[in-house]
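Below is one structure, written out as structure tokens; the observations come after it.
The values are calculated or read from the model by the stated rules, or taken from the named source; none is laboratory data. What you see is a predicted model, and the numbers here were worked out from it, not measured in a lab. Backbone-built Cβ (ideal geometry, glycine too); neighbour counts: all protein chains shown. Just the protein is used for accessible areas: all its heavy atoms, side chains included, with ligands, DNA and RNA removed. Shrake-Rupley method; radii C 1.70, N 1.55, O 1.52, S 1.80 Å.
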Amino acid sequence: MKLERYLEGRRLDVEAAFDKLLPGKKVLPSTIHEAMRYSIFVGGKRLRPILCLAAAEACGGSRNKALPLACAVECIHTYSLIHDDLPCMDDDDMRRGQPTCHKVYGEAVGVLTGDALQALAFEIAAGSRGSRRYPVGALVRELAVAAGSQRLIAGQVLDLEGERKKLGKAQLVRIHKNKTAALIAASIRLGAMSADAGPKALERLTDFGEALGLAFQVIDDILDVTRTSQQLGKSAGKDLKAGKTTYPSVLGLEKSRAEAGRLTRKAHRALEGFGKDGARLREIAVYLLERDY
Ligand code: GRG
């Protein structure tokens, strides 16, 4: 199957699952459930859930079994975007091509929508099926660690503290390993864990996820300076305005592109032991390297 069709098919699977997992719009209090549905369904590439499903397949597992975990990761991601867009953080009006959650529902409901999606992520993960090596508690823990104060939140704190300071490449990498790569790697690991991946396969996929996550962020930084807000569906040129150190500001555009290529090759090398089973993940890495939104 062509990659575009695969991505579209998996996106639809994830969205159909969400329709069942999210409380209905009319469930009281309806404001919060409407805002949760708005934020999930407004758009998004569904990269993390798709990677979770593709990793399960690469390990010989079933997509259906991994689907709740894929949705749980997307809940954490969407909550982080909602909170990141709040006036006390990056203060943004546009996300996924539409007004941000707090612009539509107000700041207080924006905070609560993020909170509710985070709680829902754990509810969904707790209701998923574990495998022989990884009982459901291990899956919930995996998600909690990736979303917690030493990974996703750590990245956000370091990012905020780094504003208007000149950071070096090592500090930049530290931010993005936590802010971006940790959740991407966890998405992949969760898919593999649901498929009962052996320790070696899980280690390889962790290396793949970490390299891919960093490559994804380098490209994100490049697009922030080379694309318009309309093309991105979020405010472009934002990093510069916020006084943030980025890959292009440290390395320049040319070297940043080379860095993204280097990281993608590193991700590919991690997949070598998978042979044909790793083909989809390999293809997704190339697609992300070449993306223009
Ligand atoms: C506020 C707890 C908290 C964390 C914030 C994820 C994050 C940390 C902030 C969001 C802003 C940002 C630029 C994060 C880096 C990760 C990233 C590139 C997110 C955008 O992910 P995409 O492009 O978004 O996959 P879609 O909308 O396609 O899902």
Please go through (1) within 21 Å of the chain's Cα centre (by Cα); (2) modelled with pLDDT under 95 for L240 and return the number of the only condition it doesn't satisfy. (1)
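May I ask you to verify whether A197 is modelled with pLDDT of 95 or more, touching a helix residue (DSSP H, G or I) at 6+ places or on another chain (Cβ under 8 Å) and not in a helix (DSSP H, G or I)?
Yes: the conditions hold for A197.
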Selected residue (criterion: nearest to the ligand (Cβ to nearest atom)) from residues of the stretch 170-209 that are charged (D, E, K, R) and touching a Ser or Thr at 6+ places or on another chain (Cβ under 9 Å): K179
Of the numbered conditions (1) open to solvent by 30 Å² or more (accessible area, probe 1.4 Å); (2) under 15 Å from the mean Cα position of the chain (by Cα), K169 fails exactly one; give the number of that condition. (2)
Checking the structure you have, find out if any residue of the stretch 5-22 is in contact (Cβ under 8 Å) with a residue 60 or more places away in the chain and open to solvent by 30 Å² or more (accessible area, probe 1.4 Å). yes
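How many of the residues in the stretch 109-125 are near the ligand (Cβ under 9 Å from one of its atoms) and either in contact with a His (Cβ under 8 Å, 6 or more places away or on another chain) or part of a loop (DSSP other than H, G, I, E, B) (or both)?
Result for the stretch 109-125: 1.
Collect the residues in the stretch 130-144 that are part of a helix (DSSP H, G or I) and without any contact (Cβ under 8 Å) to a residue 24 or more places away in the chain, keeping them in residue-number order.
V136, G137, V140, R141, A144
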Need pairs with beta-carbon distance below 7 Å; first residue in a helix (DSSP H, G or I) and within the stretch 265-293, second of a type in the set (A, V, I, L, M) and surrounded by fewer than 18 Cβ atoms within 10 Å (Cβ to Cβ); sequence gap 6+ or separate chains. E283/L3; Y287/L3
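Could you say whether any residue in the stretch 46-65 is farther than 23 Å from G130 by Cα, within 12 Å of the ligand (Cβ to nearest atom) and without any contact (Cβ under 8 Å) to a residue 60 or more places away in the chain?
no
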Checking S235 against (1) assigned to a helix (DSSP H, G or I); (2) within 19 Å of D84 (Cα to Cα); (3) in contact with a Ser or Thr (Cβ under 7 Å, 6 or more places away or on another chain), the condition it does not meet: (1)
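Take the residues in the stretch 213-237 that are small (G, A, S) and crowded, with 21+ Cβ neighbours inside 10 Å, then tell me which one is nearest to the chain's Cα centre (by Cα).
Result: G213.
Is one or more of the residues making up the stretch 249-257 of a type in the set (V, I, T), within 23 Å of A72 (Cβ to Cβ) and assigned to a helix (DSSP H, G or I)?
no
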